[in-house]
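The values are calculated or read from the model by the stated rules, or taken from the named source; none is laboratory data. Worth saying up front: this structure is predicted, and the values here are computed from it rather than measured. Because the Cβ atoms are built from the backbone with ideal geometry, glycine has one as well, and the counts that use them run over all protein chains shown. We work out accessible area using only protein heavy atoms, side chains counted, and drop any ligands, DNA or RNA first. Shrake-Rupley method; radii C 1.70, N 1.55, O 1.52, S 1.80 Å.
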Amino acid sequence: MTMVAVPLVALGVYAVKTAATFQASMTMIRTQVGASTGEVTNMSAAILKLAPKVGEGPNALAQALYPIESVGLRGAAALNALKAASMGAQVSGASLTDTANAMAGALRVNFKDVHSAADAMSILNATTAQGKMHLQDLVVAMGTGIGVEATRAGLGLRDLGTALAAMTRQGIPAVDEATRLKLNLIQMEAPKGIALKALNAIGLGQFSLADDMRKPNGLITALMDLRTHLQGVSKDQQNLALRNIFGGAKGSPNVAGLLTALPAMQQIQPTLAAAGQGQLTDAFATRTKNLTFQWQQFKAIADVALIGLGNSLMPLVREYLPKLAKFVEDVAGGLQHMSPTLRDVVVGFTGFLVIGGPILAVLGTLTTVLGAVGTAILVVTGTTGLL
């Protein structure tokens with residue numbers, strides 16, 4: 001009896017712990033993000049269905065949902081974003097939470113060339129692949145506020161990704177480039193004083209570069225326009241013009257670097273232009289054929305089953321925990337007044353009750369629940385085609 005009961009009780013305890021962890025992660029979305037109780041309930045059920053399809057555990061998905069819901073996405077929009085982030089994480093090998101953070105940031109600033117979560121995810125993955133960086137580096141770079149300034153200047157996420165990818169190829173960390181580029185964009189938008197005179201001296205007007213940035217491939221267009229007008233003066237005059245237009249050492253070195261990186265940006269641009277939902281779907285389809293993904297998918301299915309089992313056992317746990325706590329408290333108080341010999345007898349008998357009682361109670365519940373969980377696993381695996 002004990003050889004069978006102890007492993008089953010251990011399974012039940014682990015299942016309850018897994019379900020409680022998932023529940024706690026989803027509760028954070030209610031208490032910290034402000035999602036409604038109905039939203040949390042619906043998304044919890046949706047995540048359990050999504051997990052086997054994307055090869056991510058329910059708790060990892062719940063944690064990744066936090067930054068997505070934090071930017072105001074709810075319901076179907078949040079679920080689509082979570083699915084896109086999961087696919088992106090599988091394709092890139094980055095952590096799911098980092099991926100969701102990067103994508104949520106891109107969605108929050110409303111880039112003109114981002115029409116869906118899949119668009120944002122595909123562009124971010126393509127940027128990482130084309131540059132010398134990891135997705136986490138891109139997450140940190142986006143945290144500088146470069147996205148807000150880029151959209152204000154009329155640039156798209158592809159424009160920004162092209163510049164970051166090209167400059168990281170030159171060994172400049174993505175976060176440093178994002179900080180410098182943010183300043184350069186401000187300088188291009190509304191030059192005045194010395195900067196305006198320097199622009200006029202090479203044949204550009206006050207808003208020439210700003211107008212260029214609102215065109216297709218805006219940053220490349222603006223840089224090419226600047227390079228063309230600089231070629232009309234001597235090398236010394238070029239250096240002086242860049243210093244005056246872009247604030248000396250604060251901005252001109254980075255613009256000079258961008259001009260040098262123009263060939264690389266032009267090479268990267270078609271790849272980022274092609275990035276979109278179709279590319280992400282194709283890349284994910286290739287990923288699902290990998291044995292590593294199939295193993296992750298199996299673990300996700302197991303986690304879903306454990307959460308189902310844990311949810312079924314929670315009423316029993318809620319019933320027994322207060323009783324067990326009160327029982328232990330009473331026994332501890334009584335032991336203080338007993339002789340050592342009698343105390344040993346009571347402790348031994350109490351241990352038998354503490355272990356044996358819950359085992360018998362849990363066994364009855366497990367017998368009923370395991371059949372349902374087994375059926376659920378077969379349904380899920382049959383649906384995903386894993387078995």
Among Lys83/Lys299; Lys112/Lys197; Lys53/Lys289; Lys83/Lys289; Lys197/Lys235; Lys197/Lys250, which pairs are too far apart, with a Cα-Cα distance over 24 Å?
-> Lys112/Lys197
Averaging sequence separations of C-alpha pairs under 8 Å and six or more residues apart, then dividing by the length of the stretch 90-244, give the relative contact order as a whole percent.
-> 20 percent
At 10 °C and 1.306 mPa s, what whole-number value in µm²/s does Stokes-Einstein give for the translational diffusion of the stretch 54-112, with Rh from the Kirkwood sum over Cα pairs?
-> 143 µm²/s
Can you list the trypsin sites (Lys or Arg not before Pro) in the stretch 193-248 that are in a DSSP coil and have 15 or fewer other beta carbons within 10 angstrom?
-> Arg214
Sorting Phe284, Phe293 on solvent-accessible surface, 1.4 Å probe, most exposed first, gives Phe284, Phe293
Can you list the trypsin sites (Lys or Arg not before Pro) in the stretch 125-193 that are in a DSSP coil and have 11 or fewer other beta carbons within 10 angstrom?
-> Lys192
